[in-house]
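A quick write-up on the structure given underneath.
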């Protein structure tokens, strides 16, 4: 065999080893427990609203409609939709505990995807797309071999003498999850590179100052530091680009995952994201190897933590299942419980009765206030000039085009930088800055055109000449109207004192 053929075989051998090497599936089992738990949190919160979000009695907005593809997914009655929703919740809970794991995910993953596609307005999000992909991967994996009810039942059936030997399975499901996140981060980096507002910090600042997700007071405080926003933006892009190249390296793996955990933690406290960080960090568990689990076990043993208590729920569930009649298959138990979950969910929807349908007299719609309706239909009120501007500050240093500091004391010859941030969208504008003294007398005036694609404008003014030490105002104007003003002081120096005495 020549060297060319040997090299070709080694390449395919490496790929085969990468995907089909056998390991104990501890990492994928952890993903099985944590990811469905995080994905279920918002789905449980939406359960009382199944009727209006996912049934033909409400107003579902299918994802296909947003792309002009009609409504290919069938809409069901409220009772049947609630029953299927209950089956989905039951199946994902069974997947968490590992009770008929493969069947649970084969049922739960399609239903989870179906309900997400039915409500593209609120249910379908980035984290739900990631969750759907991972749930399908779990359905075809061997995540049930360890730390599951199925594993306990199998061990009891085969005999306890084999319990010390950990089962092994091909590692390809974990590899697919790892590759999925490599593509997610790399694609996100490419998108950010093409977004100018991301590198200037404007995009992040608007998000931090908003409460689009949940309250984020820490993010509101961080938004005042432009250098922090700029540094965070560049670090994020560098990390996302390098993630695919570091994720499988011995040392680089911990760096990539550590920065990833920190990144998603910061999105929680700074941007108000809750579920998305939980989904992503739970999928990081797929990167854990057998050595990592052994090291983690030794660490827990040294701390003498009662880790054995974590296994009590699955042993208790397995004990209850073992109490069934011997002729009754375990899969039949699962189907009976799923049926009971469907009936219970439909009954719960009937009991909630949010719209008064059980009494036969549907609640009438409340009449909307006429003034509110006219304001919603006819937006005749013009936009105020000051509403076009987001902020106005003065400082002395720029970083990446953004004001890096805020100061009010200047010396003769210093350059004052005034920056105004403008809310998009806006028209082409002429924006002015006026310097007034303490007696409201205009000292100087200067302006510039701000095009419709600009998010900010910088004004540079060098002190001296017309100004003497004292208190002043930097006034921002647009269309002849005052928008905002910031005070500053020209500090007296020894040089200026000598010049004034000479004059």
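Each value in this text was obtained by applying a stated rule to the coordinates, not by laboratory testing. Computed from a prediction, not measured in an experiment: that's the story for all the values here. Cβ atoms come from the backbone with ideal geometry, glycine included; neighbour counts cover every protein chain shown.
Of note:
- FRET efficiency for the residue 383 to residue 351 pair, using the beta carbon distance and R₀ = 51 Å, is estimated at 0.60.
- Peptides ranked, highest mean first, by Cβ atoms within 10 Å: ranges 430-439, 128-137: 128-137, 430-439
- Backbone N under 12 Å from the residue 390 label point (7 Å along Cα→Cβ), restricted to the stretch 240-282: none
- Put a dot 7 Å past the Cα of residue 295, heading toward its Cβ, do the same for residue 368, and the two dots end up 5.9 nm apart.
- With Cα atoms defining each centre, the stretch 25-85 and the stretch 425-498 are spaced 54 Å apart in the structure.
- Bridge orientation summary for the stretch 387-502: considering DSSP beta bridges with both residues in this region, about 95 percent are antiparallel.
- The length gained by stretching the chain between residue 449 and residue 323 to full extension, at 0.36 nm per residue less their Cα-Cα distance, is 37.4 nm.
- Peptide ranges 284-290, 325-331, 447-453 listed from the most packed, as the mean C-beta count within 10 angstrom indicates: 284-290, 447-453, 325-331
- Distribution of pairwise C-alpha distances over the chain, 20 Å bins, in %: 17, 38, 29, 14, 2, 0
- Computed lengthening from residue 376 to residue 428, 0.36 nm per intervening residue step minus Cα-Cα distance: 16.1 nm
- Distance between the modelled labels on residue 491 and residue 407, one decimal in nanometres: 0.8 nm (7 Å Cα→Cβ projection).
- With Cα atoms defining each centre, the stretch 100-167 and the stretch 188-205 are spaced 36 Å apart in the structure.
- Sum of -39500 (n - 2.57) over DSSP H runs of 4+, divided by residues of the chain (222 nm, nearest 500): -16500 deg cm²/dmol
- Every pair of different Cα atoms in the stretch 387-502 enters the Kirkwood calculation, which places the hydrodynamic radius at 14.9 Å.
- Gap separating the Cα centres of the stretch 292-354 and the stretch 220-261, nearest whole Å: 37
- Protection proxy ranking, highest mean first, for peptides 231-237, 33-39: 33-39, 231-237, where packing is the per-residue count of other beta-carbon atoms within 10 Å, averaged.
- Once the C-beta distance of residue 186 and residue 468 is scaled by a Förster radius of 60 Å, the resulting FRET efficiency is 0.55 to the nearest 0.05.
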